Every structure is written in structure tokens, then in C-alpha cells.
Amino acid sequence: MPSIDTVDSVVISAPAQAVFDVILDYPHMHEWYPRYRVEVLSGGPVGEGTRLSHELSPAGSPVKSRFTRTIRSLESPLFIEESYDDGDLVGVGRWEFEQIAGEKTRVSFFCQVRSNTLLMHIGFFLGGERGHNGVYQELLAALKAHTENL
């Protein structure tokens, strides 16, 4: 099965705790990134053990990506580690928040997933890592704009 192993990062002019809190508030992500909808399936409020249903509608694509992730571990405001358990993608993802000079934070998303459905196999062959990076660069730009205006 096709797979990707990639990382996307951005520097945000905000404390690591503020950026961490925005990401962990998955149910409200669509308010600052409308292409992404997340629903808490179990274990709310969001924390270790929480299962989340994700639906992503990439720009210019008629296809939606649907998958379930579970928060495996977290340490505020350093990281959130998740597993992709079911749906179009399976694997692991990890958010890292690094406080750098002053009130700036480098936020990175590390993603190691494989496609789990025929449609996603085709998508990975056609766009793969480049497509994933495009989506996450857009998401990170929206996160930056949102967090810097809180």
C-alpha cells in the first residue's frame, strides 16, 4: 500500500501553550480551517484516549478524506501524539510545539501514514506526499493567522 512519511512546519508569533491549546481544541478547528471537520467520538473532553472522527475536503478535490484518530499521548505544551486507526489512512501523526526566540513557536506535524482504501491508494499514487504537504501548509497558514489574532 502507498505510504508517506513527511513533516510540515511553520513559525507562529504566539506562545507554545496558545498554539497547543488551539490544536487540541479539535471540535472547533473548522472555525479557522473550514475544510477540516472533527467530531469527538469518545473520551471527551479532548485528551489522552480521545477518539476523533476527521473529515477533510482538500481544495480543488471532489473527494473527501475520512479517518479516525486516537490521541495516544500528550504533554502540554510540547506534543500531541496520535494514531490513525481507521478509514482512508492508518499510521501515526505527531504535533510538536517548540518555543523559540521570544513569543514565537515552531509548530510541526510529523505524519507517517499509508493509504487504507482504493480511492486513497489512487490519490497517493497521483499526489502522495506533495498533496499532503499542500493540505498541511494551507492548514498551518490558517493556524498561524488564527493564533496570531487571538
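Quick notes on this one:
- Theoretical gain in end-to-end length, residue 106 to residue 92 [0.36 nm per residue, Cα-Cα removed]: 3.0 nm
- Computed lengthening from residue 85 to residue 61, 0.36 nm per intervening residue step minus Cα-Cα distance: 6.3 nm
- Projected area averaged over orientations for segment 1-68, convex hull of C-alpha atoms, nm²: 6.4 nm²
- Stretch gain in nm, segment residue 72-residue 13, where the contour uses 0.36 nm per residue and the Cα spacing is subtracted: 18.5 nm
- Beta bridges per DSSP with both ends in the chain, % antiparallel, nearest 5: 100 percent
- Using the rule -39500 (n - 2.57) for each DSSP H run of four or more residues, divided by the residues of the chain, the 222 nm mean residue ellipticity is -8000 deg cm²/dmol.
- Put a dot 7 Å past the Cα of residue 148, heading toward its Cβ, do the same for residue 53, and the two dots end up 3.5 nm apart.
- Candidate values [x] 9.3; [y] 8.1; [z] 10.6, label of the one derived for mean projected area of the Cα convex hull in nm²: [y]
Laboratory data are not the source of any read-out in this text; all were calculated from the coordinates shown. Just so we're clear, the structure is a prediction, and the values are computed from it rather than from any experiment. FYI the Cβ positions are ideal-geometry reconstructions off the backbone, even for glycines, and counts take in every protein chain you see.
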